[in-house]
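What follows is a single structure, written as structure tokens, with notes after it.
The values are calculated or read from the model by the stated rules, or taken from the named source; none is laboratory data. The structure displayed is predicted, hence computed values, not measured ones. Here the Cβ is made from the backbone with ideal geometry for all residues, glycine too, and neighbour counts use every protein chain on show. For the accessible areas, the whole protein counts, side chains as well, though only heavy atoms, and no ligand, DNA or RNA atoms are used. Shrake-Rupley method; radii C 1.70, N 1.55, O 1.52, S 1.80 Å.
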Amino acid sequence: MQSCFTAESPTVLQPRTGNWALIVALSSGWGNYRHQADALAQYQALKAAGFSDDRIILILEDDLPNHPENLLPGVVRNQPGGDNLNFDVEVDYALSSVTPSDVMNILSGMVTETTPSVITSTENDNIYVFFVGHGTRSGLVIQEDEFSSQFSYITGQMLNFSTREMYERSAFRRILFIVEACHSGTLGLALATPNTVLVASANPFETSKGANYDSELKTWVADQMASQVVRMMASPS
């Protein structure tokens, strides 16, 4: 099931002159292959649609191409026998180097010592945000590393606080959040900023589903909604 959450009634929009994107894979390690593969599929789809690297912020641990379990070194794919997505990729931040607060700073354009590359959008820019990973009723999980039991969360309240602050200083035209995670609809319940929409792969009470099992790699290489979104991006008509 997919859920869509629209905030307050939209306000008058300025003409669009540009686009920005933030893509975040919130997990690492071979067992979470599908999350980074989904993020790379989004990244390549946006570049194919005309986004330049200076308008995409990519947060990715990038540990799959040379992972010991990867039987196809250097290759990351989103469907069995599919194209290698690991080409011409500019990773802005390793997941292990950022906190939830860092992610919010990157989205809202706040340059800090740990977030030198941020979205510098204006009232004429649309922003596309793709989050993929694990989720709970508390929010989206950021795991410190592949084997860690320590977690931190991106919450709906954090999204609402950051986007509200951005809205008040006219820092975007529209924001579309696509969230692929279990219980991802939880984030939408707190989002109340005008001109923002959140599409979740699951409502607050259910899990999301993996897709595209690759028997050669012996792992799931996509998530269900994320793979549908990439297909739509490739065929916008």
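Things worth noting here:
- Restricting region 26-44 to residues that are hydrophobic (A, V, I, L, M, F, W, C) and crowded, with 21+ Cβ neighbours inside 10 Å leaves a set whose member that is nearest to MET233 (Cα to Cα) is ALA41.
- Within region 114-145, being open to solvent by 50 Å² or more (accessible area, probe 1.4 Å), hydroxyl-bearing (Ser, Thr, Tyr) and at pLDDT below 95 holds for one residue alone: SER138.
- Listed by first and then second residue, the pairs linking a residue in region 50-73 that is within 20 Å of SER27 (Cα to Cα) to a residue that is charged (D, E, K, R), with Cβ atoms under 6 Å apart and 6 or more places separating them unless they lie on different chains, are ILE57/ASP92; LEU58/ASP92.
- Subset of region 11-25 that is surrounded by fewer than 21 Cβ atoms within 10 Å (Cβ to Cβ) and hydrophobic (A, V, I, L, M, F, W, C) - its residue that is nearest to TYR128 (Cα to Cα): LEU13
- Checked against the criterion of being touching an Asp or Glu at 6+ places or on another chain (Cβ under 8 Å) and at pLDDT below 95, the candidates SER227, SER148 yield just one match: SER227.
- Any chance LEU159 is at pLDDT below 95, open to solvent by less than 30 Å² (accessible area, probe 1.4 Å) and not aromatic (Phe, Trp, Tyr): no
- Residue satisfying condition, being under 22 Å from GLU180 (Cβ atoms), in a helix (DSSP H, G or I) and in contact with a helix residue (DSSP H, G or I) (Cβ under 8 Å, 6 or more places away or on another chain), within set ASP38, ASP62: ASP38
- Residue check for THR99: in contact with a Gly (Cβ under 9 Å, 6 or more places away or on another chain) and either exposed (fewer than 14 other Cβ atoms within 10 Å of the Cβ) or within 30 Å of SER170 (Cβ to Cβ) (or both): no
- The sole residue among GLY81, GLY50, GLY133, GLY109 that is small (Gly, Ala, Ser) and under 27 Å from GLU206 (Cβ atoms) is GLY133.
- Of residues in region 163-205 being in a helix (DSSP H, G or I) and open to solvent by less than 10 Å² (accessible area, probe 1.4 Å), the one nearest to LEU95 (Cα to Cα): LEU187
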